[in-house]
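Rule-based calculations on the coordinates, nothing more; no lab input. These numbers come from a predicted model, not from an experiment. With ideal geometry, Cβ positions are generated from the backbone for all residues, glycine too; neighbour counts draw on all protein chains shown.
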Amino acid sequence: MNNLAQSEVFALTLVVGTYLAALALYKKTHISLLHPLITSIFVIIVVLKTLGIEYDSFQKGSHLIHFLLGPSVVALGYVLYEQMQYLRGNVASILTSVFVGAVIGIVSVILIGDLMGADKALIATLQPKSVTTPIAMGIAEKSGGIPSLTAVIVVAVGIFGSIVGPFIMKVLGIESRIAKGLALGASSHGVGTAAAIQIGAVEGALSGLAIGLMGIMTAILVPVISFILSLF
C-alpha cells in the first residue's frame, strides 16, 4: 500500500481532487466549519488511515506539491510588482503597521500564556502563530517550542483569520485596500492572502508583502521581546 502512496499520480489525484471537492462543497454551503482546508485535511487523514498508508510514504509521492509552494510565493512578488504604485508614499506606514502587529502578537501570547499558567515550551510554540509555516517552525525550534505543534497552530490561525478577518473589517468599517491586505497577510499568512486575493488584486499584493515582513520581524523580535520581558 505504501508503494501506492509513493505514486505521484495517486498523491496528486487525492490532494487536488479532495481540495476541489471541498471547495465546491464550501461554495455551495458557505459553512465556516466546512472551509476547504479543514475538510481536505480531515478527508486525507481518513483516507491515509483507512488504507494504512504512512505519512512519510505519502509525502514522497506528493513532493511536487511541496515544490510548488516556492513558485507560488514568487508569484505573489509579481502581483506586488503590478501594484507598486500603492507602495509609493506608504512605506513608513506599512512597516509601522506590520511592526506593531508583530509586537502585539508576540507580547499577547507571552502575557496570556503566563496568566493561564502555560509552560515556556507552549508559549514558545505559540509565539510565531501568525507567521507562514516554514518560518514559524524555525522560530519555534530556536525558542524551545514544538515545531510540529506550531505548524498545526499556524494552519488553524490562518483558516480562522481568513474566515473572521473580512467580517471584522466590514463591521469596523475599514475601507482601505492597503489596510485590508496588510491585516490579512500579517495575521493569517498564506491562507489570509488567498482570502485577500479574492477581495481584490491590491489586497492580495499587500497581503503577500505582509507575509514576508511579518516573518522577518517576528524572527527578530521573538528573542528580543522574550529577553526584555524576562528582566521584569
For the pair A201 and Q59, how long in nm is the line joining their label points, each one 7 Å along Cα→Cβ?
-> 3.9
Just give me a number: lysine pairs in the chain, eight or more positions apart or cross-chain, with C-alpha atoms less than 24 Å apart.
-> 10
Segment 27-71 and segment 115-152 have their Cα centres apart by a whole-number Å value of 22
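In segment 19-95, which trypsin sites (Lys or Arg not before Pro) fall in coil by DSSP and have 14 or fewer other Cβ atoms within 10 Å?
On the way: sites: K27, K28, K49, K60, R88; in loops: R88.
Hits after loop and neighbour filter: R88.
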Rounded to the nearest 10, the angle in degrees between the Cα long axis of helix 133-142 and the longest principal axis of the Cα atoms of the chain comes to 70
Under the Karplus relation 6.51 cos²θ - 1.76 cosθ + 1.60, θ = phi - 60°, what is the ordered set of whole-Hz ³J(HN,Hα) values for segment 213-218, x standing for Gly and Pro?
-> 4, 5, x, 5, 5, 5
Helix 91-115 versus the longest principal axis of the chain: what is the Cα-based angle in degrees, 0 to 90, to the nearest 10?
-> 80
By how many degrees, 0 to 90 and rounded to 10, does the Cα axis of helix 63-82 deviate from the longest principal axis of the chain?
-> 40
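Using mean Cβ contacts within 10 Å as the protection proxy, how do 169-176, 221-228, 110-117 order, highest first? Numbers along the way, then the final one.
Values: 169-176: 10.8, 221-228: 15.4, 110-117: 12.2.
In descending order of packing, they fall as 221-228, 110-117, 169-176.
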Who wins for biggest fluctuation among I65, I135, I94 in a Gaussian network model of the chain, springs between alpha carbons below 10 Å?
-> I65
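Tell me, what is the FRET efficiency for I216 and V46 to the nearest 0.05, using R0 = 30 angstrom and their Cβ-Cβ distance as r? Working shown, then result.
Values: r = 37 Å, r/R0 = 1.25.
After rounding, the FRET efficiency stands at 0.20.
Figure the gain on full extension for K28 and N90 (residue separation times 0.36 nm, minus the Cα-Cα span) and round it to one decimal in nm. Mind showing how you got there, number by number?
Values: separation 62, 0.36 × 62 = 22.32 nm, distance 3.87 nm.
This chain segment gains 18.5 nm when fully extended.
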If we sort 139-146, 187-194 on the protection proxy, mean other Cβ atoms within 10 Å, highest first, what's the order?
-> 187-194, 139-146
